[in-house]
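Undergrad: First the structure, then my questions, so here it is.
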Amino acid sequence: GASGICFNYNPEVAKQEMDVNYFALLHLIRAFCKTLINNRPSAIVNIISIGGLSAYPLGATYCTSKAAAHSLTQSVRAELLPHDVFVFGVYPGPIDTEGHFETPVLLLPTFSLFSLSFFSKMLGLQA
């Protein structure tokens with residue numbers, strides 16, 4: 001997502017990101033863990049995001065939700081390992097998806113280190 005904390009914060013987006021990226025994963029694991037234990041050895045593979053390991057500007061709520069998924073993956077791995085259920089996290093980098101195009105335009109003040117006008121001035125591209 002493109003929801004920072006200081007700029008462009010949207011509590012609805014933050015809640016949706018936690019619901020989709022963390023709580024849905026939690027509910028799916030809970031729904032299938034007994035079946036996986038009964039059919040061992042088995043595995044869970046969670047597709048997370050590099051943003052769950054290293055946050056980036058204007059991705060605070062997205063990266064937080066992915067970090068929660070990463071922590072959940074680690075906890076569930078330890079919990080299910082004695083039952084021969086193996087839990088893996090996959091952390092892809094940026095992927096061009098439909099959701100990417102629905103991201104609203106970011107409105108940053110000109111003094112922001114992430115604004116185009118700031119970079120242009122630093123590089124001497126503006127008078």
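The values are calculated or read from the model by the stated rules, or taken from the named source; none is laboratory data. Since we're looking at a predicted model, the values are computed, not measured. Positions of Cβ are generated from backbone atoms using ideal geometry, with glycine treated the same way; all protein chains shown enter the neighbour counts. Protein only, heavy atoms only, side chains kept; ligands, DNA and RNA dropped before computing areas. Shrake-Rupley method; radii C 1.70, N 1.55, O 1.52, S 1.80 Å.
Undergrad: Rounded to the nearest 20 debye, what is the charge dipole size of the stretch 1-93 about its Cα centre when +1 sits on each Lys and Arg Cβ and -1 on each Asp and Glu Cβ?
TA: In total the dipole reaches around 200 debye.
Undergrad: Assign one of three labels to the stretch 17-66, namely rounded, prolate or oblate, based on the Cα gyration tensor with a ≥ b ≥ c the square roots of its eigenvalues; rounded applies when a/c is under 1.5, prolate when it is not and a/b is larger than b/c, and oblate otherwise.
TA: oblate
Undergrad: Using amide H atoms built in the peptide plane, which far-off residues or other-chain residues are under 5 Å from V87 H to H?
TA: I44
Undergrad: When the accessible area of the stretch 1-71 is computed with all protein chains present and a 1.4 Å probe, what percentage of it is carbon and sulfur?
TA: 62 percent
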